[in-house]
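Trainee: Below is a structure I'd like to ask you about.
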Amino acid sequence: MIVEEFGGPEVLRPGSLAEPQPEAHEVVVGVEVAAVNRMDVLRRTGNYHAGGGLPAVLGAEGCGVVVAVGSAVHDLRPGDRVFGSGGRPGWYGERVAVPRSRLAPVPDGLDAGTAAALPVAGVTAWYTLTRLAAVGPGDTVVVFAAASGVGYLAVRLAAHLGARVVAVVGSPAKAAAARAAGAADVVDHSREDAPAAVRRLLGDRGADVVLDLVGGPTFGHALTLAAAGGRVIAVANVALAPTTMDTRDFYPRNVSIHGFQLNGLIALGRLDLPAALAATAALAVEGVLVPHVHEVLPLADAAAAHALLTDGDVVGKLLLRVDG
């Protein structure tokens, strides 16, 4: 599915490209399942922070079977099932060439759909909560957009780590999903003022960790909700809006602010993606980091998938089945 002009979901159209050939450190994957992400929507509309030219094949992550390897790849062979993120031209197609450093083998017990949903959302939830925030038993964790792909897994993982999770969502259906994922308290911002409601739940102490998956004004609210010595993690700005903040909302309480962007962290050399993929996959096999799959659509319905995600009613992940 090729995007030749920025615009609405309808700009996703079927097309053909030459099959990618592997460079020395690349693996060509026959795609089975691709995941749909907010970054795909931002790229499609021309609003992605990292830009990207046209024409483009979207799709940041997925799962499939190795069909060819480059001359420097010795630990994977055709027929191996792998999952990962990145690559050219993108996962919304039959073939994608991916650096070996951005793939991991799919372990026994993990189906292709679950594996396809982990490289972005799973690694983001795992890294932010276990590495940046060091969440542990007794912590209170607030998750904004708790029924999103990342948010749902963050709720599951934080609860597994022994934290009390306060989930902020946007509908009754998403509230039910967050509770099922392990949230102790749920705030539905479609029905009440979310920051005020969360503040009442937290009391005077505040939250040890606030995970902001929305950005814009929400990040300003996140800073006010953190406890003394708390950690606030900014992962996205899907709000596409600036943040107004008062430094007095965080520096007197020694609040730490962390930014997380997966591709940026990899570019800095601070994330071993295959190891992170293996860790998230192991947690998925254990039943901890199990994505909520909202729907699986055929690749030809990529435009419909984008429309669903834009409408805001999706819980967890949308997947595209590529191999029929």
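Trainee: Of the heavy-atom accessible surface of the range 104-152 (probe 1.4 angstrom), what whole percent is carbon and sulfur?
Mentor: Roughly 52 percent of what the probe reaches on the range 104-152 is carbon or sulfur.
Trainee: For the chain, what does -39500 (n - 2.57) per DSSP helix run (n ≥ 4), summed and divided by total residues, give at 222 nm, in deg cm²/dmol to the nearest 500?
Mentor: -7500 deg cm²/dmol
Trainee: Give the accessible area for E4 in Å² (nearest 10); use a 1.4 Å probe, count only protein heavy atoms, and leave out ligands, DNA and RNA.
Mentor: Accessible area of E4: about 130 Å².
Trainee: Note the angle between two axes, namely the Cα long axis of helix 302-311 and the longest principal axis of the Cα atoms of the chain, as a number of degrees from 0 to 90, rounded to the nearest 10.
Mentor: 10 degrees
Trainee: Taking K and R as +1 and D and E as -1, what net charge do the other residues with C-beta under 15 Å from the C-beta of A275 add up to?
Mentor: +2
Trainee: Enter the Cα centre distance for the pair the range 205-235 and the range 239-260, rounded to the nearest angstrom.
Mentor: 7 Å
Trainee: Quick one: of the DSSP bridges fully inside the range 77-208, what percent are antiparallel, nearest 5?
Mentor: So the antiparallel bridges amount to about 30 percent of the total.
Trainee: Grab the other residues whose beta carbon is less than 15 angstrom from that of G59, score K and R as +1, D and E as -1, and report the net.
Mentor: Local charge sum for G59: +3.
Trainee: Using alpha carbons only, how many angstrom separate the centre of the range 1-22 from the centre of the range 102-147?
Mentor: With the range 1-22 and the range 102-147 each reduced to a Cα centre, they are spaced 29 Å.
Trainee: Right, something else. Pick out, in residue order, every one of the trypsin sites (Lys or Arg not before Pro) in the range 157-219 that is DSSP loop and has at most 14 other C-beta atoms within 10 Å; say none if there are none.
Mentor: In loop regions of the range 157-219 (DSSP not H, G, I, E or B), the sparsely surrounded trypsin sites (Lys or Arg not before Pro) are R191, R205.
Trainee: Can you work out the accessible area per residue across the range 142-265, with the rest of the protein chains kept in place, probe 1.4 Å, in square angstrom?
Mentor: Heavy-atom SASA per residue in the range 142-265 reads 41 Å².
Trainee: Then there's this: Considering only protein heavy atoms and a probe of 1.4 Å, how much of the accessible area of the range 239-324 is carbon and sulfur, as a whole percent?
Mentor: Whole-percent figure for carbon plus sulfur exposure: 54.
Trainee: What percent do you get for the relative contact order of the chain when only Cα pairs under 8 Å and 6+ apart count?
Mentor: 19 percent
Trainee: How much length would be gained if the chain were fully extended between R13 and T310, taking 0.36 nm per residue of separation minus their Cα-Cα distance, in nm to one decimal?
Mentor: Net length gain for the segment: 105.2 nm.
The values are calculated or read from the model by the stated rules, or taken from the named source; none is laboratory data. As the structure is a computational prediction, the values presented were derived from the model and not from experiment. Counting neighbours? That spans all protein chains shown, and the Cβs are built from the backbone with ideal geometry, glycine included. Heavy atoms of the whole protein, side chains included, go into the accessibility calculation; ligands, DNA and RNA do not. Shrake-Rupley method; radii C 1.70, N 1.55, O 1.52, S 1.80 Å.
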